[in-house]
Amino acid sequence: MTLNLEKSAKAFGEAKQFIPGGVNSPVRSFRGVGGIPPFIAKAEGSKIIDIDGNEYIDYVGSWGPMILGHAHPAVTEALQKALYNGTSYGAPTLLETELAKLINELVPSMELVRMVNSGTEATMSVLRLARAFTKRNKIVKFAGCYHGHHDSLLVKAGSGATTLGVPDSPGVPDSIAGNTVTVNFNDADELRRVFEEIGQDIAAVIIEPVPGNMGLVIPKQGYLREVRNITEQYGALLIFDEVMCGFRVALGGAQSVYGIRPDLTCFGKVIGGGLPVGAYGGRRDIMEYISPAGPVYQAGTLSGNPLAMTAGITTLKLISEIPETPKQPDFFQKLTAKTKTLCNGIQAEAEKYNLKLQFHQAGSMFGMFFTDKPVYDYESAKQSDVGAFNTYFHAMLEEGIYLAPSQFEASFMSASHSDEDIEATIIASGKAFAKVVKYNQVK
Ligand SMILES: *Cc1c(COP(=O)(O)O)cnc(C)c1O
């Protein structure tokens, strides 16, 4: 079977005439894997359908938000009702407090919550707050972690070990990049050395506690505890960027799994139920620095808008176990078990073909690296055979399985994926691995 992507190819060509690269976010262009990105016409449950009529079992889920599956009836119905009340007022609503309360109940470290419109906005705002609160300028981040596209975090490690970061994109001023230090994930000793050197200048450490933006990487036993201890020792704030892993690895986010209380946390993706949302929050004494409670300016015309709040509230209620919401006591257990079944099945197929891959799973997030060596940070992730991944990716797409179009992205399970979907994905993987074996022979 070869995919007919005739209409998508034409649409891609036309899009490029009016939109840079034809897409509104780079990874959608299939730049990493090559080929034509299917243009999506609609989605329902576990499936997405492109404009040529091809149907795929979707494991991207809009990069995480669609934890209930696409067009979930409860979310759609709630949105329909909200729509007729008007879509934005630029004035306070009950919905905003309701979502903030829900987040606070599910993630107790979120004492105060500020809603924004994207994950990028959340991490951008939280850094300003951290700098204002600590009266320090430097930020520490981790290679391979992604926190959105604003200047302070589009930075990679410079050549001097612990010193100046360098821009990771043209247009990011050196003066800003120079305030961001990049270290390796899962290496507490390196972080400690940076703090020994410049700890007094570090406002905050921002980390994806379970990174999903270099492929899925799992923190080593005790690592996040060490990060917490080091930041505490030097009076720097610890920021968990749970935009992706929040409400994905567990209901209470990575902080509940690893028992760490960060000072501040960013959310996005799932909490918007598929609408544009981000949020940041945490310690009350810090969050009270935010305007109008405090002096740190941050605002948004559409922040907390009723549609996004409605989708977020409905989604969180459906996945949560808190009283007085429609009860889903086993939601995360079931979702995690399903993800495990899929990963085990794919792994068994890989073993049939003698392929040694690295499988990672955390709750409803999963991924695999095409390398026989352990992956624990960005450097080790980069050992992966991208050509082998691309072969697998395209073979899966032809079989009607839509995975993230990059070796360095995670995949996501939703509640609406059926046993049949999982079975079909495992069978497709077998066929795809056969092609990877051929690729390995000729490469
Ligand atoms: C997706 C993501 C962001 C950025 O969120 P946007 O809504 O795309 O701006 C930030 N941090 C992490 C960990 C993410 O996965």
For Val375: the one exception among (1) free of Cβ contacts under 8 Å to residues at least 24 places away in the same chain; (2) among the β-branched types (Val, Ile, Thr); (3) surrounded by 21 or more Cβ atoms within 10 Å (Cβ to Cβ): (1)
Just one of (1) surrounded by 19 or more Cβ atoms within 10 Å (Cβ to Cβ); (2) closer than 25 Å to Gly268 by Cβ trips up Lys81, so point out which. (1)
List every residue pair whose Cβ atoms lie under 8 Å apart, where the two residues are 6 or more positions apart in sequence or sit on different chains, the first residue falls within the range 121-140 and is open to solvent by 10 Å² or more (accessible area, probe 1.4 Å) and more than 16 Å from the ligand (Cβ to nearest atom), and the second residue, located anywhere, is assigned to a loop (DSSP other than H, G, I, E, B) and small (Gly, Ala, Ser). Thr134/Gly235; Thr134/Ala236; Arg136/Ala236
When restricted to Val217, Val194, Val205, Val227, the only residue modelled with pLDDT of 95 or more, touching a Ser or Thr at 6+ places or on another chain (Cβ under 7 Å) and within 16 Å of the ligand (Cβ to nearest atom) is Val205
Would you check if there is a residue in the range 156-170 being touching a Cys at 6+ places or on another chain (Cβ under 6 Å) and either within 13 Å of the ligand (Cβ to nearest atom) or within 26 Å of Gly367 (Cα to Cα) (or both)? no
Quick one: would you say Thr265 is away from the ligand (no atom under 16 Å from the Cβ) and either polar (S, T, N, Q) or in the same structural domain as Val60 (by TED's automatic domain parsing) (or both)? no
The listed residue being part of a loop (DSSP other than H, G, I, E, B), in contact (Cβ under 8 Å) with a residue 24 or more places away in the chain and either among the charged types (D, E, K, R) or surrounded by fewer than 18 Cβ atoms within 10 Å (Cβ to Cβ) (or both), out of Leu302, Leu355: Leu302
Return only the number of the condition from (1) more than 25 Å from Glu409 (Cβ to Cβ); (2) in contact with a Lys or Arg (Cβ under 6 Å, 6 or more places away or on another chain) that Tyr297 does not satisfy. (2)
Residue in the range 313-332 that is modelled with the highest pLDDT, counting only those that are part of a loop (DSSP other than H, G, I, E, B) and of a type in the set (Val, Ile, Thr): Ile322
Within the range 276-287, residues being within 11 Å of the ligand (Cβ to nearest atom) and surrounded by fewer than 22 Cβ atoms within 10 Å (Cβ to Cβ) number 1
If the Cβ limit is 8 Å and pairs must be 6+ apart or interchain, which residue in the range 13-33 that is over 14 Å from Gln407 (Cα atoms) and open to solvent by less than 100 Å² (accessible area, probe 1.4 Å) pairs with which residue that is assigned to a loop (DSSP other than H, G, I, E, B) and within 16 Å of the ligand (Cβ to nearest atom)? Ala15/Val23; Ser29/Val23
When you scan the range 28-48, do you find a residue that is in the same structural domain as Tyr402 (by TED's automatic domain parsing), assigned to a helix (DSSP H, G or I) and on the phi < 0 side of the Ramachandran plot, even just one? yes
Of all the residues that make up the range 358-390, how many are in a helix (DSSP H, G or I) and not hydrophobic (A, V, I, L, M, F, W, C)? 5
Criterion: surrounded by fewer than 22 Cβ atoms within 10 Å (Cβ to Cβ) and within 28 Å of Thr371 (Cβ to Cβ) - qualifying residue of Asp187, Asp174, Asp151, Asp201: Asp187
Within the range 417-443, count every residue that is open to solvent by less than 40 Å² (accessible area, probe 1.4 Å) and not aliphatic (A, V, I, L, M). 7
Flag for Glu409 being open to solvent by less than 60 Å² (accessible area, probe 1.4 Å), assigned to a helix (DSSP H, G or I) and modelled with pLDDT of 95 or more: no
Contact list please: Cβ distance under 8 Å, first residue in the range 248-261 and open to solvent by 20 Å² or more (accessible area, probe 1.4 Å), second residue assigned to a loop (DSSP other than H, G, I, E, B) and acidic (Asp, Glu), pairs at least six apart or on different chains. Leu251/Glu321
Condition test on Gln233, is it within 16 Å of the ligand (Cβ to nearest atom) and not assigned by TED's automatic domain parsing to the domain that holds Lys334? no
Quick check, is Lys382 open to solvent by 10 Å² or more (accessible area, probe 1.4 Å) and over 18 Å from Pro211 (Cα atoms)? no
Within the range 108-120, the residues that are within 22 Å of Lys141 (Cα to Cα), more than 13 Å from the ligand (Cβ to nearest atom) and surrounded by fewer than 24 Cβ atoms within 10 Å (Cβ to Cβ) are Ser109
Could you list, in sequence order, the residues of the range 49-65 that are part of a strand (DSSP E or B) and open to solvent by less than 50 Å² (accessible area, probe 1.4 Å)? Ile49, Asp50, Tyr56, Ile57, Asp58
Does the range 78-85 contain any residue that is within 18 Å of Ser320 (Cβ to Cβ) and either within 16 Å of the ligand (Cβ to nearest atom) or assigned by TED's automatic domain parsing to the domain that holds Ala188 (or both)? yes
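The values are calculated or read from the model by the stated rules, or taken from the named source; none is laboratory data. Here the structure is a predicted model, which means the values were calculated and not measured. As a convention, Cβ positions derive from the backbone with ideal geometry for all residues, glycine included, and neighbour counts pool all protein chains shown. Areas reflect the complete protein model, heavy atoms only, side chains present, ligands, DNA and RNA absent. Shrake-Rupley method; radii C 1.70, N 1.55, O 1.52, S 1.80 Å.
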